[in-house]
Structure formats: structure tokens, C-alpha cells
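A short write-up of the structure that comes next.
The values are calculated or read from the model by the stated rules, or taken from the named source; none is laboratory data. In this text the structure is predicted, and so the values were computed from the model without any measurement. Using ideal geometry, Cβ is built from the backbone for each residue, glycine included, and neighbour counts are taken over all protein chains shown.
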Amino acid sequence: MSSLPLLRAFPCLSALLLIMAPGLPSSASAQSFRFPSSDAHAQYFYVTAYFDHGSLTDWSCGNDTYAGHRGNDFGMGSWTGMDEGRDIVAAAEGVVIDTHDGEFDQCTSGDCAGGGGFGNHVRIRHANGETSIYAHLKQWSVSVSIGDWVSCGQLLGQAGSSGYSTGPHLHFERRDTAAARAGSWLDQGSYQDLPGLQCDAPVADCAPISALSCGDRLYFRNDDPASQNLRAFYGCSDPADSGPYDLYRYTGPEVSWRFATNLDEEVSLRLTDMSADLDLYLLRGPSCDARVCETASTEGSNLDENISFDAESGTEYIVVVDGWREAVSYFTLSVECGGEWPEDPTPSPSPEPSPSSSSTPTEVADTTPTEVGSGCDCSAAHQTLPAPVLLLPLLLILRARRQIEPRQNPDRERATSQAAIR
Ligand SMILES: [Zn+2]
């Protein structure tokens, strides 16, 4: 028997099937949104049209929508309110990937040109790759730029009537996944009431990560590619045209390490021996919040990835190995540093490097995925950083080693180690 009669009898069943279809992101990984106006200005808005789930049916099996409507419309009553200014804010944190401003904002015909029908608008990409669009904004009210990181509730602009609009309102739309469209307000609210103003919990905070040093060569495996945890938040490509995993922020828990040198020197990172498409990213900033992308190597297939950069002494970098989509693979990560300590005009006796410090790898035991991926204790990560007291002997040892092993010995690999992966 065909299921068609059943669907006709219960028009919203089709929407339910969409939500429950296997293979879609689970609710845990979907982005949840707050109502996109400020706490002070939300009171001026009301629902005028929901997303059309098909057959002119809204999320609650009502008909408060119109054919093919891809977003939610929230009216604000009057032109006076628009003149006074009604804040539109980010419904969740993310990176701004598109803005448009300057269009006429008192459209009443529903077909004013500009902004692709959205008029003045802002588009944000969120943690799991979904995007949200804030459309028909007031002329010259857009207050963010492409590439900006915005927190949930941050001001984006003000409501207007630009683009395909017949009066002042906000068109809020989310894209990329069917599940998201089906309902991803953190608090939907009752029918025809506004969604809640509470923000979704921030995505994963920083996980403790271990240190990477000049001369290291690690054999490793990424067990947690972005496609599985949906929490990749970093990248080095143009936010306007890059994929959903390229955002300017590191939050863990990808396979990643801290790296710092004591010299201004050229450093080469090499990712080799892969069986899948892994990419290599270099970010700058403290472990828990490295948002500045230095550079990346994103060759396709299982080609080697190579990054060379001029490391600044004392600057903390984050090295990230990213599994693209389904990519899970063993790999070798090598770090080579090209710096030399300057000649000391007044040589003094150098302390001998202790056998234990020169023959053991640096915290390799800390680089198991279990530790990389568990917990959110940023303070723990920083506690493992060399304190000034610990740094001095390390400097002396490094200095002694570099005097013992001058440039003619290119093999500066301090250690070769294998990390057992679960
Ligand atoms: Zn709309």
C-alpha cells in the first residue's frame, strides 16, 4: 500500500519524516539559534510567516507561511519603528561570510532590486557549516564585515525593507541542511510567539594539547576528523568562498599541537605518509583561542602537505592536522627549524645536556587522541607550558645542543617516536 494517502491525511508527516530521516545530522550537532533581535528590541517583532515545509505547511502543521518561503519573517509594524532603529543580532556565533548594504530600504512593491532579493543583508557561517541570513536590512545599518567573528547576540544591523520586501521586517533564513530548516531554534516558543532570546551554548572550548618542538617527528593518526565532530572552527581560505570547515578560529579538538621557538627562524612543517586527504593548518594565538590564520597547506588526495614560515620567537602557534570530510589516516608530522644561535663573544662553560633530556622525546606521551579530545581545561594546557623557571635550563640545553650540532649536520631530529593510537 502506498504511503501517499497517509501523507495527505497528515500533511505535516512529510516534515516529520524529513526530520527523522537517517543520515541527517543529529540534533546534537545541529546549530541552535536565538531570536535574532536584541533583548531590548525583540518586543517590537512578531511572526508574519514561517518556513514552508511544503504544501503551505509550517512547523506546527499550520498554514502561516507562503509557497516556497525559505525563512521566517518577523514584522515590526511601522515605518516609525524602522526610523527609530530595531536591532538585528547574530542568532548564534560564527564568521561573517557575506554582507551587502546601500540599497533603498523603503520598498513596498516586493521586488526592489539589489542584494539578490535580500536587499541589505548579512550572512554568517556557524560551527557545523550551516549559514544564517539576515535580510531586508535598513540602508547603511550593516555594522559587520566579511571575515568578522561574531558572538551570539552581537549587533549586525537594523531591520528595514530593502530588496524583495513589502514593508519593514526581518527575513531570517538558515541554509545547508534540511534538518536545520526543519526547526533549530533553541527555544521555538509556542505557535506564533517569538522564539526565545537565549543563546546556544558555545561550541567546544579548548582541549589540552601538547607541545611540538623543533626536530620532532611524530607518527600519528587522526581519529576525529571534522566530519565526525562537526566542530572545526579554523582555516585559511577566503571566508566568502570556502567550504563549511574553513573558519577563522581554533577550538579543538582536532589533532593539534602548540608550537613555539626561542629564535626568530624559518620553520618547516611536513605532513607525509598519508592514505587519505589530510590538510595542515598553522594558526597564531594562545592555545584556547587561536583565531589568526597564518597559512595552510590543503593539497588534494593524499599528497604531502608542506608549510614553511618565519616563526617569531616567543610566539605561540597552533598546528592542526585536519581530516577533510571522511578522511582518517595515519601520518608523519615533521618539524624542522633553520635558526642558529648567535656567536657568544665571551664563551663560557656550557652545561652538559643531561642524557635523559637529549634522548627522550618531548611529551610524546601527551599526544594521544584521548587527551587531545577530552576535557575543556584551558588552565591545564597552560600549566604544561614552560614556566620561566623551567625555560632557562631548556634554553641552556638547546644552546648547548646547537653548539654541539652545528649546521653541517642537517639531521636535527631530536627524537623519533611512535604514539600508540587506540
Ligand atoms: Zn521572508
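Considering only residues in the range 290-300 that are surrounded by fewer than 19 Cβ atoms within 10 Å (Cβ to Cβ) and either assigned to a strand (DSSP E or B) or modelled with pLDDT of 85 or more (or both), the one that is nearest to the chain's Cα centre (by Cα) turns out to be 292. Looking at the range 34-56 only, could you name the residues that are more than 15 Å from the ligand (Cβ to nearest atom), in a loop (DSSP other than H, G, I, E, B) and surrounded by fewer than 20 Cβ atoms within 10 Å (Cβ to Cβ)? 38, 39, 40, 41, 54, 55, listed by residue number. From the list 94, 147, the one residue that fits, being surrounded by fewer than 16 Cβ atoms within 10 Å (Cβ to Cβ), away from the ligand (no atom under 16 Å from the Cβ) and not aromatic (Phe, Trp, Tyr), is 147. Taken over the range 58-82, residues that are within 16 Å of the ligand (Cβ to nearest atom) and hydroxyl-bearing (Ser, Thr, Tyr) amount to 2.
Under the condition of being hydrophobic (A, V, I, L, M, F, W, C) and more than 22 Å from residue 77 (Cβ to Cβ), which residue from the range 97-121 is farthest from the ligand (Cβ to nearest atom)? Top of the filtered list is 97. Of 313, 334, all but one fail to be at pLDDT 85 or above and in contact with an Asp or Glu (Cβ under 6 Å, 6 or more places away or on another chain); the exception is 313. Could you please let me know if residue 219 is of a type outside the set (Lys, Arg), more than 16 Å from the ligand (Cβ to nearest atom) and either at pLDDT 85 or above or not in a loop (DSSP other than H, G, I, E, B) (or both)? Yes, satisfied.
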